[in-house]
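Trainee: Pasting in a structure now, in structure tokens, and then I'll have a few things to ask.
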Amino acid sequence: MTLLDTDPDQGLAPLEFAVTRNLAARGAAEREQILENPGFGTAFTDHMVDICWSMRGGWHRPRVQPYGPISLDPAAAVLHYGQEIFEGIKAYRHADGSIHTFRPDQNGRRLQRSARRLALPELPVSYFVQSLRELVKVDAAWVPSGADQSLYLRPFMFAKEAFLGVRPAQKVAYYVIASPAGAYFKGGVQPVSIWLSEDYSRAGKGGTGAAKTGGNYAASLLPQSEAYENECDQVVFLDQDGNVEELGGMNIVFVKKDGTLVTPQSDSILEGITRDSILQLAVDRGHKVEGRPVSLAEWRDGVASGDIVEVFACGTAAVVTPIGQLKGKNFFDEQPTGSLALSLREELTDIQYGRREDTHNWLVRLDA
Ligand code: PLP
Ligand code: COI
């Protein structure tokens, strides 16, 4: 679970972005109205980043351009074979007005790992970080300043070559779009209820579970609908051996009575940067941390016996959210809630919003 901190792309010359301003950019009044209550993933800023890749030309034509529809050949491979990857990362406005993001090198590296698995080209991490900076520079006014608000950045890459043969595409597009964000769950940080997917899995051994690729999310939609039908907020998946993997869009962490934090580890789980950071903060406080398989039986028995004292979900969009219930076809377990999840959430968000010292050097300023 240790994520590397060094950037092998250091020394690459920065890209020269061509910037085309959006002449139909929304005015301040309309923007402020959207920022008042942005929700999650519904409103988008006025610009987007676009970089092309081809087998012959490598990464080229870096642009910031008006946000708008993408024109694709109907034979573009992504529409047929799902060769696509993405990232999720936020920009935070500090009290002095400056704008920062959080561990972007880690998201850049994860995008590279996803690219490798999906046979897409690896974007250098320095280009990745630059792409965020270029977009935030032109859309800085869209970074909200309200409590727990941020600008959610969504970098993504897909196969755009028009070719129906099944092989890695030789033409690829990379984009970054941005969406002002408030709380991911409607209830804010209220404990969420989780539906156990017993009939469907999200990923398999040797599959794409560790990559951030659209297909994993497509596979989660039917079980997620099942969760809604059963009045649950989110779905949790097991692997073939009955071990807990993760939620549709978040990792899961168990807190034991002795203060140890345990989180599932396997090659079919997305390695979350929020999880890594939270676990680091817990280690800083003297907690023990374990990454290992956790069976459903260990979870349920641990809650019943009192050995597990808290369960929480974590991810960029949802930050840290306590889990209040686990529901399956034939059972309903109330989950114990304590104060550790919320205090780690507070410490993490204090760092992200510049209210507490960033002792791990996780923040990267985007507007300077
Ligand atoms: N697991 C899945 C399936 C996710 O979509 C996410 C969100 O990105 C996470 C875990 C948490 O990852 P991170 O903390 O890097 O956002
Ligand atoms: C994120 O937290 O960035 C994600 O990708 C989760 C997604 C379900 C919104």
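Trainee: Any idea which residue in segment 55-90 is farthest from G41 (Cα to Cα), counting only those that are among the small types (G, A, S) and open to solvent by less than 40 Å² (accessible area, probe 1.4 Å)?
Mentor: So, considering only residues that are among the small types (G, A, S) and open to solvent by less than 40 Å² (accessible area, probe 1.4 Å), the one farthest from G41 (Cα to Cα) is G58.
Trainee: Would you mind listing the strands (runs of 3 or more DSSP E) fully within segment 300-359 where at least 3 residues are closer than 17 Å to V262 by Cα?
Mentor: The qualifying strands (runs of 3 or more DSSP E) are 308-315, 319-327.
Trainee: Restricting attention to segment 216-225, and to residues there that are surrounded by 18 or more Cβ atoms within 10 Å (Cβ to Cβ) and either of a type in the set (G, A, S) or over 20 Å from the mean Cα position of the chain (by Cα) (or both), which single residue is farthest from ligand 1 (Cβ to nearest atom)?
Mentor: Looking at residues that are surrounded by 18 or more Cβ atoms within 10 Å (Cβ to Cβ) and either of a type in the set (G, A, S) or over 20 Å from the mean Cα position of the chain (by Cα) (or both), I get A219.
Trainee: I'm told V235 meets every condition in (1) touching a residue at least 40 places away in the same chain (Cβ under 8 Å); (2) over 18 Å from F185 (Cα atoms); (3) assigned to a strand (DSSP E or B) except one. Can you identify the failing condition by its number?
Mentor: (2)
Trainee: Can you tell me which of (1) part of a loop (DSSP other than H, G, I, E, B); (2) within 11 Å of ligand 1 (Cβ to nearest atom); (3) not charged (D, E, K, R) is the one T274 doesn't meet?
Mentor: (1)
Trainee: Okay, moving on. Checking P180 against (1) part of a loop (DSSP other than H, G, I, E, B); (2) more than 12 Å from ligand 1 (Cβ to nearest atom); (3) closer than 24 Å to G39 by Cβ, only one condition comes out false. Which one?
Mentor: (1)
Trainee: Right, here's the next one. Which is within 16 Å of ligand 2 (Cβ to nearest atom) and either touching a residue at least 12 places away in the same chain (Cβ under 8 Å) or touching a Phe, Trp or Tyr at 6+ places or on another chain (Cβ under 7 Å) (or both), of A304, A317, A297?
Mentor: Every option except A317 fails the conditions.
Trainee: Let me ask you something else. Going through S150, S114 one at a time, which residue ends up being buried (at least 22 other Cβ atoms within 10 Å of the Cβ), more than 24 Å from N37 (Cβ to Cβ), within 16 Å of ligand 2 (Cβ to nearest atom) and touching a residue at least 60 places away in the same chain (Cβ under 8 Å)?
Mentor: So the residue among S150, S114 that is buried (at least 22 other Cβ atoms within 10 Å of the Cβ), more than 24 Å from N37 (Cβ to Cβ), within 16 Å of ligand 2 (Cβ to nearest atom) and touching a residue at least 60 places away in the same chain (Cβ under 8 Å) is S114.
Trainee: Any chance segment 190-212 includes a residue that's crowded, with 19+ Cβ neighbours inside 10 Å and part of a helix (DSSP H, G or I)?
Mentor: The answer is no, given that none of the residues of segment 190-212 is crowded, with 19+ Cβ neighbours inside 10 Å and part of a helix (DSSP H, G or I).
Trainee: Shifting gears a bit: Testing A297 on (1) of a type in the set (G, A, S); (2) more than 10 Å from ligand 1 (Cβ to nearest atom); (3) touching an Asp or Glu at 6+ places or on another chain (Cβ under 7 Å), one condition comes back false. Which one is that?
Mentor: Unmet condition: (3).
The values are calculated or read from the model by the stated rules, or taken from the named source; none is laboratory data. In this text the structure is predicted, and so the values were computed from the model without any measurement. Methodologically, a virtual Cβ is constructed for each residue, glycine included, from the backbone with ideal geometry; neighbour enumeration extends over all protein chains shown. For accessibility, only protein heavy atoms count, side chains too; no ligands or nucleic acids. Shrake-Rupley method; radii C 1.70, N 1.55, O 1.52, S 1.80 Å.
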